[in-house]
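This report concerns only the one structure given below.
The values are calculated or read from the model by the stated rules, or taken from the named source; none is laboratory data. The model shown is predicted, which means the values in this text are computed figures rather than measured ones. Neighbour counts are summed over all protein chains in view; Cβ atoms, including those assigned to glycine, are modelled from backbone coordinates with ideal geometry.
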Amino acid sequence: MADSLPRVFLVVVDDTPEHHLAVHYAARRAAHTGGRLALLHVIEPPEVQHWIAIEELAREERREEAEALLNRLCEAIEPVAGAMPMVYIREGRTRDELLALIAEEPAISILVLGAGTGPEGPGPLITYVTGRASARLRIPITIVPGGLTVDQIDALS
């Protein structure tokens, strides 16, 4: 990574409650270190595809929902991050698109993920990137515990 590039904190935005904590943590760290916040939302393909026209309409609706989600999140987090976040919307499997984005964007320097608090564990993405995929990553991973409060995150970041 070139010294002139700002540190970019990448957060995967999904439908889990813990991603909000990861976004807040990454925004605070970016603001305090002169870095940038980047948000990735991956639109997963449906399990079953029957009709091309119906699938295309559903795909467009998923993209519009992703854009609306990211717009709301950017507006809310910009004051914390100090700048408008960079936004990436991709289609495919989340773990594949995450690894591809990290490989393609040299400015991304830290991956920030929120850990789930349920009995099923931290989440499939954390399990994946801290397991088999860890050898393929060129950046460190920060895992934000899902049980923290915003005040605790503010104190840590």
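If we scan region 118-129, do we find a residue that is within 16 Å of L40 (Cα to Cα), in contact (Cβ under 8 Å) with a residue 40 or more places away in the chain, among the aliphatic types (A, V, I, L, M) and surrounded by 14 or more Cβ atoms within 10 Å (Cβ to Cβ)? Yes, that holds for at least one residue.
Quick one: which of I143, I77, I139 is touching a Ser or Thr at 6+ places or on another chain (Cβ under 7 Å) and either β-branched (V, I, T) or surrounded by fewer than 13 Cβ atoms within 10 Å (Cβ to Cβ) (or both)?
I139
Check region 65-84 and report whether any residue there is touching an Asp or Glu at 6+ places or on another chain (Cβ under 6 Å) and either among the small types (G, A, S) or at positive phi (or both). No, that holds for no residue. At pLDDT below 95 and in contact with a Ser or Thr (Cβ under 6 Å, 6 or more places away or on another chain): does that describe R63? No; evaluated as a whole, the condition is false for this residue.
Between R72, R63, the distinction of being surrounded by fewer than 15 Cβ atoms within 10 Å (Cβ to Cβ) and either in contact with a Cys (Cβ under 6 Å, 6 or more places away or on another chain) or under 25 Å from G147 (Cα atoms) (or both) belongs to R72 only. Considering only region 91-115, how many residues are within 24 Å of E55 (Cβ to Cβ) and buried (at least 20 other Cβ atoms within 10 Å of the Cβ)? Count: 2. When H20 is tested against (1) more than 20 Å from D154 (Cβ to Cβ); (2) modelled with pLDDT under 95, just one condition goes unmet, and that condition is (1).
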